[in-house]
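K.L.:
This structure is in structure tokens; I'll ask about it shortly.
The values are calculated or read from the model by the stated rules, or taken from the named source; none is laboratory data. This one's a predicted model, so the numbers in the text were calculated from it and none came from an experiment. When we count neighbours, we look across all protein chains shown, and the Cβ atoms used for this are built from the backbone with ideal geometry, even at glycine.
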Amino acid sequence: MERTTFKVRGMDCAEETNALRRTVGSLSGVTDVTFNLLQGTMTVTAAEGAAGERDILSAVERAGMSARPAGDGDRSPSPASAGTFWRSHGRAVLCAASGVSAAAGFLSHWILKGSLADALMGGGWNGAHPLPAVSIALYLAAVAAGGWFVLPKAASALRRVSADMNLLMTIAVLGAVVIGEWFEAAAVTFLFSLSLVLEAWSVGRARDAVTALIASAPQTARYICPHDGDIMERPVEEVPLGATVLVRPGERIPLDGIITEGGAFVNQAPVTGESLPVEKRGGDPVFAGSIDEDGAIAFRVTKPASDTVIARIVRMVEEAQSRRAPSEQWVEKFARYYTPSMILLAAAVALVPPLAAGAGWQRWFYEALVILVIACPCALVISTPVSVVAALASAARAGVLIKGGAFLEEAGRVRAVALDKTGTVTRGIPEVQRIVPLNGHTEEELFDRAAALEIHSRHPLAKAVVRKAEALGRTIVPAERYREFSGRGAQGSIAGRTFWIGSRRLLQEKAMEDGGIRRSIDALEDDGHSVVVLGNDGHVCGLIGVADGVRKNAPSVVADLKRAGVKEVFLLTGDNGGTARAVSERIGADGFLAELLPGEKLKAVEDAKRRCGSVAMVGDGINDAPALAAATLGIAMGAAGTAAATETADVALMSDDLTRIPWLIRHGRRTLRTIRWNVGFALAVKLAFMGLALAGIATLWMAIAADMGASLLVIANALRLLNGEREFPSPG
């Protein structure tokens, strides 16, 4: 199969993509046609040697548009950013010309006839209100300018015998011209042209949100040449992996990497949506597009410019936009039958009353034109795609990457959330949680001796003890004559006396576990702690409880999920039951399942789907990938999560911030409400004006004003999603 991408001029609406799907998709050998409104591109997948470039370009022309093969310079999401002034602004210029001509025609009629009422009549085929020739010329200019981009698409729809809104409007305007309603013909053309310009502008707003992401990453980087040590400044595409890049305070970070020297507070809002700068030191990751607030740093490049987090965000948003949401697909199917039905209804209104009841032809022909205008599916068709694109772009700016409109809608339907424990609800880093000194020892003594032994070890529990001692400001003097006991612990000499440290198994080998110590260890283990025992040859000095620290905001996140309408929140973990119970109770979850293998996590998610319907799974590890794939909505903790989890999931969180999860669900619900309101409102306006038309009350200009008003309200309502809730509590 061959995949070819084309730039399509003026592709801003689902009606246009539908027309292209019908003409290009019908070519021999073409298996798939996808569209990217953000880039203004069409990608055609065809059998090798089947549909040639010339055939595809001809098919685009039959749909009333023009295209060209996309080149390497076409990466900007906005097709208006390149090309001639006419390509970029021609539609707006013609719309303005149409409006000016229509206004001039109206004013000339008013001035030459000396009557506002006569000008408002606009003509009429009975000749009762004849128009001056100059007014007719100006109205004709308004129709020509406003219909410049509409007429070719209407002709294409007619050739395909496929009614669309362009054909509806063209029939209505030509009908008005035939019966001499020049003012209404000009007004209808201008207002329809204006609605198309506003529609293109609304898609452009969503494009701008993604363009801002691209612009947030510098195009050049200053780095140390690995050959001679000179400092060079080159385009980011030319910076080799492993090179050391230098960033001054106040500059944007040009590539992804790991800090090797220096430290600074870094504003990561363009990437992760975090509102506060994050402190970064040696060994910490930095992302392209982030802003170095206050310190000079050097970092080692770990990703090429084409694979930075910013580049992946842009790529995923573009791919997500091309995947149509269920609501979008429903609206397209509805419009496919709705539009020809409206043409048949208009024809019936024009013919049945005069033929069946001898009613006047002029009146019912006019009412048929009103129905054609109000039936235009513009507001209905744009109601969903603009909402989806705006919501996807808003989520990306907030650090929530949603891989398609279908997943955005699914987020709005979630009824249960399954949370992985380690690395998701917890930090994935063991921390000292409890100290139990015994036999007259103090906590300080316990830490000094435990750290003196554990500083020799690389075990995660040993590192947790050393970190805690350092955090308490204790001076660590390494033990002498250190010796490890494989899988059990170690011993060494401290100030000339032998001390040992290790697991409960080592304690039992030392035969020092009495009833009191046993009960203390059992209590710690039941509370989810791994127990480190410290002793000497004479007695047990104390116990240290180490556990994976629960994120500080995890309890509030679970409560927020409940407020967002989630009925059930439960914990899934491969850890033991005591630990799972302790964490579950601490965060306020409805339940937990422990000691699960990856396949058992998958089964737990499937059981929850049968029980609750829509289930979101949140995880970060390779072992979470099967459950993420099985869930109705898979959410990966993207900043620290594995590639397997991020690729499998439907949503990736660009920071390890659980507050994004309830935000995502509220954002999905808000998007669903917006889509439903838009569709319902557009249909209600049309039904109301059809009733007025049949009652002989509505006029052509009233109908187009109502239709344009509906389109404007739908667009404005959809664009509110661009400025969605962006503030989050501090991550814990």
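K.L.:
So which strands (runs of 3 or more DSSP E) stay within the range 396-454 end to end and still have 2 or more residues that are within 24 Å of Asp607 (Cα to Cα), assigned by TED's automatic domain parsing to the domain that holds His529 and in contact with a Ser or Thr (Cβ under 6 Å, 6 or more places away or on another chain)?
P.N.:
Per the criteria, no element qualifies.
K.L.:
I need the full set of residues from the range 466-482 which are without any contact (Cβ under 8 Å) to a residue 24 or more places away in the chain and surrounded by 13 or more Cβ atoms within 10 Å (Cβ to Cβ), in order please.
P.N.:
Scanning the range 466-482 gives Val466, Ala469, Glu470.
K.L.:
Let me ask something else. Out of the residues in the range 30-51 meeting the condition of being surrounded by fewer than 17 Cβ atoms within 10 Å (Cβ to Cβ) and at pLDDT 80 or above, tell me which one is nearest to Met1 (Cα to Cα).
P.N.:
Of everything passing the filter in the range 30-51, Ala47 is nearest to Met1 (Cα to Cα).
K.L.:
Moving on. Taking the residues in the range 478-489 that are modelled with pLDDT of 90 or more and not charged (D, E, K, R) as candidates, determine which candidate is nearest to the chain's Cα centre (by Cα).
P.N.:
Per the criteria, the residue is Pro478.
K.L.:
Also, quick follow-up: One residue is enough: does the range 73-88 have a residue meeting the conditions touching a strand residue (DSSP E or B) at 6+ places or on another chain (Cβ under 9 Å), modelled with pLDDT of 80 or more and within 21 Å of Lys153 (Cβ to Cβ)?
P.N.:
No, that holds for no residue.
K.L.:
Could you please find all residues in the range 537-554 being at pLDDT 90 or above and either basic (Lys, Arg) or surrounded by fewer than 18 Cβ atoms within 10 Å (Cβ to Cβ) (or both)?
P.N.:
Once the filter is applied, which keeps residues that are at pLDDT 90 or above and either basic (Lys, Arg) or surrounded by fewer than 18 Cβ atoms within 10 Å (Cβ to Cβ) (or both), the range 537-554 yields only His539.
K.L.:
Could you check the range 567-686 for strands (runs of 3 or more DSSP E) lying wholly inside it with 1 or more residues that are at pLDDT 75 or above, not assigned by TED's automatic domain parsing to the domain that holds Val531 and not hydrophobic (A, V, I, L, M, F, W, C)?
P.N.:
Strands (runs of 3 or more DSSP E) meeting the threshold: 568-572, 591-593, 615-619, 633-637.
K.L.:
Pick from the range 649-663 the residues that are among the charged types (D, E, K, R) and crowded, with 24+ Cβ neighbours inside 10 Å: which of them is farthest from the chain's Cα centre (by Cα)?
P.N.:
Checking each candidate, the answer is Asp657.
K.L.:
Hey, another quick one. Any idea how many residues of the range 437-465 are crowded, with 18+ Cβ neighbours inside 10 Å and either polar (S, T, N, Q) or at pLDDT below 85 (or both)?
P.N.:
Final tally of qualifying residues: 1.
K.L.:
Additional query: Condition first: crowded, with 17+ Cβ neighbours inside 10 Å and among the acidic types (Asp, Glu). Now tell me which residues in the range 565-590 satisfy that.
P.N.:
Scanning the range 565-590 gives Glu568, Asp575.
K.L.:
Between a first residue in the range 597-618 that is in contact (Cβ under 8 Å) with a residue 24 or more places away in the chain and more than 13 Å from Phe570 (Cβ to Cβ) and a second residue that is polar (S, T, N, Q) and not in a helix (DSSP H, G or I), which pairs have beta carbons less than 9 Å apart while being 6 or more apart in sequence or on different chains?
P.N.:
Taking only residues 6 or more apart or on different chains, the pairs are Gly613/Thr632; Ser614/Thr632.
K.L.:
Return yes or no: is Ala217 in contact with a Leu (Cβ under 7 Å, 6 or more places away or on another chain) and either at pLDDT 85 or above or not acidic (Asp, Glu) (or both)?
P.N.:
Taking the combined requirement at face value, the residue does not satisfy it.
K.L.:
For Ala356, state whether it is surrounded by fewer than 23 Cβ atoms within 10 Å (Cβ to Cβ), without any contact (Cβ under 8 Å) to a residue 24 or more places away in the chain and in a helix (DSSP H, G or I).
P.N.:
So Ala356 fits the description; yes.
K.L.:
Among the candidates Arg9, Arg3, single out the residue that is at pLDDT below 85, more than 16 Å from Lys153 (Cβ to Cβ) and surrounded by fewer than 21 Cβ atoms within 10 Å (Cβ to Cβ).
P.N.:
Arg3
K.L.:
Something else now. Condition check: of a type in the set (S, T, N, Q), under 30 Å from Gly668 (Cα atoms) and in contact (Cβ under 8 Å) with a residue 24 or more places away in the chain. Does Ser556 satisfy that?
P.N.:
Criteria met by Ser556.
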